[in-house]
Amino acid sequence: MCQRRYVDDILKRFGMDECKAVVSPVDMSTRLVPSDAVTKVNAPFREAVGTLMHLMTATRPDIAYAVGYVSRFMENPQEEHWVAVKRIFRYLQGTKTHGICFKPGDNIDFRGYPDADWAGDLADRKSTSGYMFMLMGAPVSWGSKKQSSVSLSTSEAEYIALSLAIQEVKWIHRLLCEILTVTNETGPELKIREDNQSCIKMTKNPVNHGRAKHIDIKYHHIRDEVKRGEVKLDYCKTSVMLADIMTKALPGPRHTDLTAALGIHACSH
């Protein structure tokens with residue numbers, strides 16, 4: 001699944017068809033904040049972000065965090081925000097042939113990866129949730145979203161991100177079972193991998209975790225899902241956390257490695 005022609009079109013539309021390519025969509029040294037300036041940047045900021053959102057939603061989860069990041073400044077974009085948008089275009093210049101590659105096989109391996117940064121937004125110190133769901137080695141659902149409240153710890157931020165992922169996985173599982181003409185009980189196991197040990201403990205033994213008392217009750221459905229065995233929650237190392245790409249700016253080599261692990265490669269056609 002590749003949108004090479006679409007990428008070529010938008011690069012040309014925004015005057016970036018001859019730009020110099022970069023290896024990651026977000027400059028790690030960039031620290032963007034909202035502006036109260038009276039004037040806005042003289043650039044098609046909203047239009048550009050809209051076209052990038054379409055690409056990100058369809059076939060390019062590797063730019064999801066970057067697009068979500070710049071979309072926070074739609075209200076009053078400044079020059080530095082426009083530079084960040086152009087950075088995404090420069091990344092696409094070097095990866096325009098990339099797309100999602102599904103491999104043939106009979107093993108319906110379905111698993112999810114939730115993740116969160118902590119207090120990453122410099123303006124309000126809110127965290128970013130991200131999730132990635134893989135089917136047969138390729139992404140089928142993904143998301144990157146700033147959390148609605150301030151988290152007091154990394155565990156809390158991860159717990160909220162896990163809640164979002166479980167809500168997403170339920171409807172995907174039902175759809176998958178319908179496609180495979182099986183029941184929820186006989187369908188693919190709901191497996192979610194989490195890289196925060198404290199977060200996992202909060203889901204399995206809530207009595208001993210006073211740190212979770214202040215967390216909004218709407219997130220505690222996680223405990224019921226795990227207790228009933230409807231979701232299997234396992235620990236994984238941060239080095240193999242695929243959703244890391246959905247929550248923060250990453251060094252070029254790390255971004256490249258995760259993109260490959262997601263099954264996003266140069267398409268042959």
request  = Treating only the Cβ atoms of Lys and Arg (+1) and Asp and Glu (-1) as charged, compute the dipole magnitude of region 9-98 about its Cα centre; round to the nearest 20 debye.
outcome  = 160 debye
remark   = Residues whose modelled amide H sits under 5 Å from the amide H of His98, counting only those 5 or more places away in sequence or on another chain, are Cys267
inquiry  = Let me spell out the model: positive unit charges on the Cβ of Lys and Arg, negative unit charges on the Cβ of Asp and Glu, origin at the Cα centre of region 120-203. What dipole size does that give, in debye rounded to 20?
reply    = 120 debye
message = What would the Debye equation give as log₁₀ I(q)/I(0) for region 4-100 at q = 0.11, 0.13, 0.19, 0.24 Å⁻¹, counting only Cα atoms as equal point scatterers?
response = -0.29, -0.40, -0.86, -1.36
query = For region 160-170, what does the Karplus curve 6.51 cos²θ - 1.76 cosθ + 1.60, with θ = phi - 60°, yield as ³J(HN,Hα) per residue in whole Hz, taken in order and with x for Gly and Pro?
reply = 5, 5, 5, 4, 4, 5, 5, 4, 5, 5, 4
task = Working from the alpha-carbon coordinates of region 34-88, get Rg over Rh, Rh being the Kirkwood radius.
result = 0.98
task = Over the Cα atoms of region 110-261, compute the convex hull volume and normalise it per residue, giving Å³.
result = 102 Å³
request  = With only alpha-carbon atoms counted, please give the Rg and Dmax of the chain, in Å.
outcome  = 19.3, 59
ask   = Taking K and R as +1 and D and E as -1, what net charge do the other residues with C-beta under 10 Å from the C-beta of Ala119 add up to?
value = -1
task = Mind listing the long-range amide H neighbours of Ser151? Cut-off is under 5 Å, sequence gap 5 or more, other chains count too, H placed in the peptide plane at 1.01 Å from N.
result = Ala119, Ser127
message = Tell me the angle of helix 252-261 to the major Cα principal axis of the chain, expressed in degrees between 0 and 90 and rounded to the nearest ten.
response = 50 degrees
inquiry  = I'd like the distance between the alpha-carbon centres of region 89-109 and region 1-69, rounded to an integer number of Å.
reply    = 19 Å
inquiry  = Can you list, by residue number, the Cys in the chain that have no neighbouring cysteine C-beta under 4.7 Å?
reply    = Cys19, Cys101, Cys177, Cys199, Cys236
query = So what is the 222 nm mean residue ellipticity for the chain from helices alone, if each DSSP H run of at least 4 adds -39500 (n - 2.57) and you divide by all residues, rounding to the nearest 500 deg cm²/dmol?
reply = -11500 deg cm²/dmol
key: Cut-off 9 Å between beta-carbons: net charge of the residues surrounding Val41, Lys and Arg +1, Asp and Glu -1   = -1
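Read-outs: derived from the displayed coordinates by stated rules, not from any lab. On a predicted model such as this, the values are computed, not experimentally measured, just so you know. Here the Cβ is made from the backbone with ideal geometry for all residues, glycine too, and neighbour counts use every protein chain on show.
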